[in-house]
1. Determine, at each q value in 0.17, 0.24 (inverse angstroms), the log₁₀ of I(q)/I(0) that the Debye formula gives when each Cα of segment 73-135 is one equal point scatterer.
2. Based on the Cβ-Cβ distance from residue 30 to residue 78, what FRET efficiency comes out when R0 is 45 Å, to the nearest 0.05?
3. Can you tally the net charge around residue 119? Count Lys and Arg as +1, Asp and Glu as -1, for every other residue whose Cβ sits under 11 Å from the Cβ of residue 119.
Amino acid sequence: MAIDPIWMWVAAGVAALLLVTLLFSRGARRSRTAQLRDKYGREYDHALENAGSRTRAEKELIARAEEVEKFDIRPLIAAERDRYRLEWQRIEQHFIERPAAAVVEADELVTDIMRVQGYPMGDFERHAAHVSVKHPSVVEHYRTAHRMLGSASTEELRQAMLHYRPLFEELLGRDDVVREVPREYDARPEDSSTRRDAGIVRDEERL
């Protein structure tokens, strides 16, 4: 039985439309992936590792951004920034004698800043996810520092303070935040005289 040429053209048209749709969809997914990678950086990899698939990870990143859009997040005013900076300086000085207590105070300080800005407090991982939407470049510092709370190692406590610092600076609204933990920093808090002469807090190199 002969096939009607019209139906052949219809079938060819449908196939072409499906192909164009497929290519468009694939291009849109690639574009979305590129945009999310560009926005979140390492946080994209963190979400991918937790979700187990690219599709689930990207849906979660998009959902958290939509959720944060509903929050009333505001920048700090000048008086608040000045007050928090003085408090941070006090915590740095406190680290010299009581490093474990200073790290707890640093965690409490950044938590208070985010509370004042309008972030909801709660489960840490969910809270960190919220923070990642506006501060993706420093949220991993936050997670790393938080994991070190309660550490008995002075070196780990020092590292925790170094991780809290870029988060603190970005929350205050600085654009010149150093986001990488400086490897050359060589404080040795085991010796009190070394701490005072070389180390934990120097005017030109605070933590």
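Please treat every number below as a calculation from the coordinates, not as lab data. From a predicted model like this one, the values you see are computed outputs, not experimental measurements. Here Cβ is always computed from backbone atoms with ideal geometry, including for glycine, and neighbour counts include all displayed protein chains.
1. -0.66, -1.03
2. 0.55
3. Taking every other residue near residue 119 into account, the sum is +2.
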